[in-house]
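Trainee: Before we start, here is the structure in question, set down as structure tokens.
The values are calculated or read from the model by the stated rules, or taken from the named source; none is laboratory data. Computed from a prediction, not measured in an experiment: that's the story for all the values here. Glycine also receives a Cβ, built like all others from the backbone with ideal geometry; neighbour counts cover every protein chain displayed. Remember, those area values only see protein heavy atoms, side chains included, never the ligands or the DNA or RNA. Shrake-Rupley method; radii C 1.70, N 1.55, O 1.52, S 1.80 Å.
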Amino acid sequence: MNPAWLPPSDALAVFAAVWLMLLGFGGRFMPLPASVALRLAVAAAAAGVMLVPIKELQLWNWVFSYYPNPSLPILGLLIAQRSPRFLGVTIFQSADWWATWIFGAVVGSLVYLQPLIFGRGFDFHYWGWHSNYAAAVLTLTAIMFLARGNRFGVLLVAALVAFALGALESTNCWDYVVDPIYWLASVVVIVRRGAIAGWTRRQAKLSQTAA
Amino acid sequence: MIAPRTELSVTPVLLDQSARPTARSRPSRLSPVRRLAWIAVTCIAGGAAVKYSAPVSVNPPLALEPASAPWARAPQSVGEFGKPRFERGWVSPEAQLAHVHCSMVSALPSGDLLALWYGGSREGAADVAVFTSRMTAGTKTWGPPVKVLDRASVEGELGRRIKKIGNTVIFPDRTGRLWMVYASVSLGGWSGCALNIKSSPDAGLTWGPSRRLTLNAFFNMSTLVRNKPIYAADGRIGLPVYHEMATKFPQILWFQPGPDGTVEDYKVRNLGASKGLIQPVLVALGGDQVLMMLRDTSSQRALRTSLSTDNGWTWPDPTPISLPNPDAPVDALRLADGRILLAYNHASSGRESLGLSLSSDEGRTWKKHSVVERETEKEFSYPQLTQGPGGMIHLTYTWKRERIGHIAFNLAWLDQYRELAGGALPP
């Protein structure tokens, strides 16, 4: 899909994912509020780090070697997390974040753990190659989120467009909507939140009893 | 009660909460107009995706190409009913490399035989390369090895870090184009393998670029290959592959070759639910039936088989048969008369002897035929069978991990051979 003068879109997706991660790291050292020039300088520096060769391969290329299919939701959530600091705009609110994490945890668990949960007889991953079915399911899910005004639906639309264009190395629909890092992050966030909520409730109960 | 948070943090890299004071807040929900606009965009994108991303085929093959398809058939008749012939030779030269292993042999439409193996300082070393050698039709000697892949060339073709390369298979398609599928590892051991595909328009003289196949959801790791494919009448090729990480099980990669060596469509299906079974061998039996034979990595150490009655699309759970298996790969070939020839290690442990067995009832019962290699504490393994010109059957195998051995015999030898006195090997 790329003209010859452009790098492949799958490589660009990896480059963008790692650049956004580095941007978050660089942003931690910026004063608040930061000038436009400083923000641009940090963004350029993060892009420069990506091109640093390590044993003949640039940093982004090392990441591409092990993580060639970053999902569109992880790119979107990284943009949403960087945007307040770098663009001064809050894109995602609480409900959008929750939708992002719950979707990642549920779909990721189904895709990655299916041989362990259902046995090899039920092949959930295989249905990602029934691409017209998968695209239809993805469209309906996106509409459901958007009808509720949830901005996570926009990330699913982006995944749908990328899938239709074959923008990633994978041809399986699930790889456009979830990836192992997004799934692990989702599980960690939900478990952590659950633990905090449980602990807080327990503390509240204890203090009531003491009172 | 916990106050709702506007952002969630996972790691310091993702954490950006300190930016909130400067952020210009937006409404937490999309406005009704924007909702409708986005839903319209979604419908358009979804419609386009459904229309343009439809797979070539998601249905079981209606039929398989018979074993006698013109593009796969080697010239028959000569030698089949004549004098028994049994010849030994070598595919790889003496002392080519410290370690050679995992051969494959394919009969090409031209009548040539092309063998392939990998070698290097040791299995899994960074210096391992894949070699081919050709036996031109009408000759009895293998040509000099030609290096077709090594770690550096694969890195260049795939544009990523490659730690090592391994198991490789070659096979022709119905147009005569030769395909190569090979395993490469970027991280970890063999269970971290991913598969790559490339093709040759001139029967292995030159090769096109490699393409990475994404076959596994989790970082695309742990799909390996060992044996030759089956061919659907609609042009699809079903290549047996297997998964090793966390749990071992067989799979089949269905792909549709496109024009000029492209892959139009591919997908991988799990085969059965049994654990610990790898390196499936598929034998098309005709009448929509396909026999699968499997290496057993479990403690049971018995060769397993399963029979598909829908051209290899669905499979019942494999069951053990009377032959032992020392956690070693096997290969099988359907002969012109319908019998199935099996090359395997007849032992429940060790790979010290390599033998042949025959089945006349589509794999239900087996009769031990002969032992072709045997030496205490040595390894003879990874057999590959093909039928070449003149009906000759060719067996290549790993010989003590030092060379790739080659044995050629005909049906007359198979039918007339009687074990020599004292259990001596055929000459």
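Trainee: Identify the residue in the range B:269-283 that is in contact with an Asp or Glu (Cβ under 9 Å, 6 or more places away or on another chain) and within 13 Å of chain A (Cβ to nearest Cβ) and, among all such residues, is modelled with the lowest pLDDT.
Mentor: Ranking the candidates gives B:ALA273 first.
Trainee: In addition: Could you list, in sequence order, the residues of the range B:276-315 that are part of a loop (DSSP other than H, G, I, E, B), at negative phi and surrounded by 21 or more Cβ atoms within 10 Å (Cβ to Cβ)?
Mentor: Start the filter on the range B:276-315 by keeping residues that are part of a loop (DSSP other than H, G, I, E, B), which leaves B:276, B:287-288, B:297-301, B:309-315.
Filter once more, keeping what is at negative phi: B:297-300, B:309-310, B:313-315.
B:TRP315, the sole residue that qualifies.
Trainee: Counting only residues that are within 14 Å of the chain's Cα centre (by Cα), open to solvent by less than 20 Å² (accessible area, probe 1.4 Å) and more than 9 Å from chain A (Cβ to nearest Cβ), how many does the range B:233-249 have?
Mentor: Qualifying residue count for the region: 6.
Trainee: Right, something else. Closer than 30 Å to A:GLN208 by Cα, modelled with pLDDT under 85 and buried (at least 21 other Cβ atoms within 10 Å of the Cβ): which single residue out of B:LEU8, B:LEU30 fits that description?
Mentor: Working: B:LEU30 fails: closer than 30 Å to A:GLN208 by Cα.
From the options B:LEU8, B:LEU30, the qualifying one is B:LEU8.
Trainee: Right, another one. If B:PHE255 satisfies all but one of (1) under 30 Å from B:GLY204 (Cβ atoms); (2) touching a residue at least 12 places away in the same chain (Cβ under 8 Å); (3) open to solvent by 20 Å² or more (accessible area, probe 1.4 Å), what's the number of the condition it fails?
Mentor: The single condition B:PHE255 does not satisfy is (3).
Trainee: Next question, about the same structure. Working carefully through the options B:SER370, B:SER357, find the one that is within 16 Å of B:MET293 (Cα to Cα) and either buried (at least 23 other Cβ atoms within 10 Å of the Cβ) or of a type in the set (Gly, Ala, Ser) (or both). Break it down stepwise before answering.
Mentor: Values: B:SER370 fails: within 16 Å of B:MET293 (Cα to Cα).
The unique qualifying residue is B:SER357.
Trainee: What's the number of the condition B:VAL268 fails, among (1) out of contact with any strand residue (DSSP E or B) (no Cβ under 8 Å at 6 or more places or on another chain); (2) part of a strand (DSSP E or B)?
Mentor: Every condition holds for B:VAL268 apart from (1).
Trainee: So which helices (runs of 4 or more DSSP H) are wholly in the range A:27-91 and hold at least 2 residues that are facing chain B (nearest Cβ under 7 Å), out of contact with any Lys or Arg (no Cβ under 6 Å at 6 or more places or on another chain) and open to solvent by 10 Å² or more (accessible area, probe 1.4 Å)? It would help to see each step written out before you state the result.
Mentor: Numbers: elements: A:36-50, A:59-66, A:72-86.
Qualifying helices (runs of 4 or more DSSP H): A:59-66.
Trainee: So which of B:ASN167, B:ASN220, B:ASN196 ends up being assigned to a strand (DSSP E or B) and under 23 Å from A:ALA167 (Cβ atoms)? Full working, then the answer.
Mentor: Values: B:ASN167 fails: under 23 Å from A:ALA167 (Cβ atoms); B:ASN220 fails: assigned to a strand (DSSP E or B).
The unique qualifying residue is B:ASN196.
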